[in-house]
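Here the structure comes first, spelled out in C-alpha cells, and everything after it is commentary.
Values quoted throughout were computed directly from the atomic coordinates according to the rules given, and no laboratory measurement underlies them. Remember, predicted model here, so these are calculated numbers, not experimental data. For neighbour counting, all protein chains shown are included, and Cβ atoms are generated from backbone atoms with ideal geometry for every residue, glycine included.
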Amino acid sequence: MSQPPAGLWEALQASSSKPRPKSHLLSSFPNAIADVSDSTDSETTNQYDLLCPREGCGSVILKKGVARLKERESLQIEPSDIPAHPLLPALPSSSESIHWWLVTPSPMEFENIGFSRPVESLSLSPSGKKLKLLACAECDLGPLGWSEEGGNEFWLVCSRVGYRSD
C-alpha cells in the first residue's frame, strides 16, 4: 500500500477547521425580506449569499445575486410521515402567499444543495408533477425548498435559509 503524499493529512485538517460563515435568519432582520433583497429596475435578487441555517454548518447554498425573489402560494413540502425539523419555520397553508427564492435554469447554479428522490407522500406541484425536496448538501437539513421532477425551476423558502450579511 502506498503512502499518501506528505502534508495531505495536515492540509485536509486545516481546511475542515476553517471558521464557518455565520448564518443570520430572515427573522433577525428588522425589515425582513426588504433587508435581504436587492432591487433593480427589472428584478429583485438575493443581496447576500444564502447559507444553511444550522448553527455550525453555514454551508454556502447559493451565491448572492443568483436567485430572484418571487411571491407565490405556499406549498406543503413536509412529508406527512416525517415531523418538521425544529430549526425550520412552519409554512402557512397553501392558500397563503409567501416569499421564495427562484433559482433557474439548472441545479448547477447552486454552490451546495442536495435533492431528494421524488416524494410520494407529498401533494403534487402546482403543475401536477412530483416534487423533489432541497436540503443542505453538507448536513442534510431540510426541506429548504423544492423542485419539480425533471424541472428547471428550484424554489427556496426565504425564511428557511440563512443569510451571510457580515
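Some values worked out for this structure:
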{"read-out": "Relative contact order (percent, whole number), segment 21-153, Cα cutoff 8 Å, 6+ residue spacing", "value": "20 percent"}
{"read-out": "In segment 56-163, the GluC sites (Glu not before Pro) that fall in loop regions by DSSP, at most 15 other Cβ within 10 Å", "value": "E96, E111, E120, E149, E153"}
{"read-out": "Extension gain from A32 to S80, taking 0.36 nm per residue of separation minus the Cα-Cα distance", "value": "14.4 nm"}
{"read-out": "Structure-derived Cα extents along the principal axes in Å: which label, when the choices are [x] 77, 37, 24; [y] 60, 56, 31; [z] 59, 37, 31", "value": "[z]"}
{"read-out": "Surrounding net charge for K63, when Lys and Arg each add one and Asp and Glu each subtract one, Cβ distance under 9 Å", "value": "-2"}
